[in-house]
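What follows is a set of notes on a single structure, which appears directly below.
The values are calculated or read from the model by the stated rules, or taken from the named source; none is laboratory data. Note that the structure is a prediction, hence the values are computed from the model and not measured. We place every Cβ from the backbone using ideal geometry, glycine too, and count neighbours over all the protein chains shown. For accessibility, only protein heavy atoms count, side chains too; no ligands or nucleic acids. Shrake-Rupley method; radii C 1.70, N 1.55, O 1.52, S 1.80 Å.
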Amino acid sequence: MKRIVHHLINIALILAFIFGATYFYKLSNKKKPEDLYRLERVTLGDIEQNVTANGTINPVAMVNVGTQVSGLVKNIYADFNDQVKQGQILLELEDNLFKAQIEQSRGNVKNCEASVELAKANEARMRSLFEKEYVSKQDLDQAVQALKSSEALLISAKAKLSLDQTNYGYSIIKSPVSGIVIDRVVDVGQTVAASLQTPILFKIAKDLSKMEIDTSFAEADIAKIQVGQSVKFSVDAYPNRTFEGTVKQIRLNPVNTANVVTYNIVILVENQEGVLLPGMTAYVTINFARHEKVLLVPNAALRYQPKNENLSLIAKKNEVSRDGDKKKKEGYGVGKIYALRDNKPFMIRVNTGITNGKLTEVMSSEIKENDLIISGDLMSDQKSRSGAQGPSRPPRVF
């Protein structure tokens, strides 16, 4: 009998040990919230809402200097980066052909003047003979017609001479404005041909102390942009420097590229230092709003939807209990986040403010700075990664 009792006691001790080990094992391996969810902290800070785009810096006034006549480039008097004055000679074309045409036209004028003198003499003589009835009326009419024809040919010859003299003047290219030579596209000895399109010889920037940025913004953002709005931008040449400009013009002509509608925005920029050069790429930022010392949460937390069953039930209860809360600031949206309260998830409705694409301003009396909120499910992430990458690293709280 004693042996049986002793045996039962041993069995009870073994079972107690097994149950105790199992209990302590489950207790030590109980999942903590940071093992289940990706957690973020609510921060207090400043936020700006803006849009960005790339653009090209150009002079405010760019004049293309061309030629109206064809010819061989004889002399060039201006080069890249030269300061030029209005009326200054920039280039001369070979003028021998123009001078020859002028001399030929002058000869034609002289010939026509002689013809007119002869026709006048014939007309006067015929008129005298007609009065004495030595010639017929037809002979007089022919003399009058010959005089008029000679006078008409003289007018044409003088017009041709004027045209040749004008073309000779066009062979001397002068600057139409005062400014700086940005580009020269011809060299001495090169032939330029002016036909249907005027060839460009020089590009002159009228004033580089003021520049323009030509950029485009999507139609979704165009309503927020206004003339006179402040703009900040940077260029690759000065990566640590921020420049400022002003929206000068919103052009109404839309550009449709692959069903994406954009509008061209012209931004005026002061360039008194001369550090901004034509053709530079500008990275433009236009700020719509700025709020200081507000609560900020990651956008992922506002997009988060619970997948865990228990969390879904808790969220549903909280959502039902807060359906009657309709307080909302005008102009703001409404969202919900899931915070940790007593190591349990808890849904909170919030008013959302401006966003910068990563963080969003939120307003609620139920959250404060440094509160932990959920932005994702770690367990599902770990399972999806474990198949491809093996065990994941321990989660971190930010």
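Only a single criterion out of (1) part of a loop (DSSP other than H, G, I, E, B); (2) of a type outside the set (Lys, Arg); (3) open to solvent by 60 Å² or more (accessible area, probe 1.4 Å) is not satisfied by Gln249, namely (1). Do we find that Lys210 is basic (Lys, Arg) and either more than 23 Å from the chain's Cα centre (by Cα) or open to solvent by less than 30 Å² (accessible area, probe 1.4 Å) (or both) in this structure? Here the answer is no, as Lys210 does not meet what is asked. Annotation note: Cβ proximity below 9 Å between a residue of the range 285-296 that is at positive phi and a residue that is of a type in the set (Asp, Glu) and loosely packed, with under 13 Cβ neighbours inside 10 Å (sequence gap 6+ or interchain) occurs for Lys293/Asp46.
Might you check whether a residue that is touching an Asp or Glu at 6+ places or on another chain (Cβ under 6 Å) and open to solvent by less than 80 Å² (accessible area, probe 1.4 Å) occurs anywhere in the range 221-232? No, the conditions are met nowhere in the range 221-232. Once the range 252-273 is narrowed to residues that are open to solvent by less than 40 Å² (accessible area, probe 1.4 Å) and not hydroxyl-bearing (Ser, Thr, Tyr), the residue that is farthest from the chain's Cα centre (by Cα) is Asn271. The set of residues from the range 73-106 being in contact with a Leu (Cβ under 7 Å, 6 or more places away or on another chain) and open to solvent by 70 Å² or more (accessible area, probe 1.4 Å) comprises Lys74, Tyr77, Arg106. In the range 73-86, the residues that are free of Cβ contacts under 8 Å to residues at least 60 places away in the same chain reach residues that are surrounded by 12 or more Cβ atoms within 10 Å (Cβ to Cβ) and among the aliphatic types (A, V, I, L, M) with C-beta atoms within less than 7 angstrom, at least six apart or across chains, in these pairs: Tyr77/Ile89; Tyr77/Leu90; Tyr77/Leu91.
Among Leu340, Leu313, which is over 34 Å from the mean Cα position of the chain (by Cα), at pLDDT below 85 and assigned to a strand (DSSP E or B)? Testing whether each residue is over 34 Å from the mean Cα position of the chain (by Cα), at pLDDT below 85 and assigned to a strand (DSSP E or B) leaves just Leu340. Of all residues in the range 343-398, those that are of a type in the set (Ser, Thr, Tyr), at pLDDT 85 or above, over 40 Å from the mean Cα position of the chain (by Cα) and over 22 Å from Lys293 (Cβ atoms) total 0.
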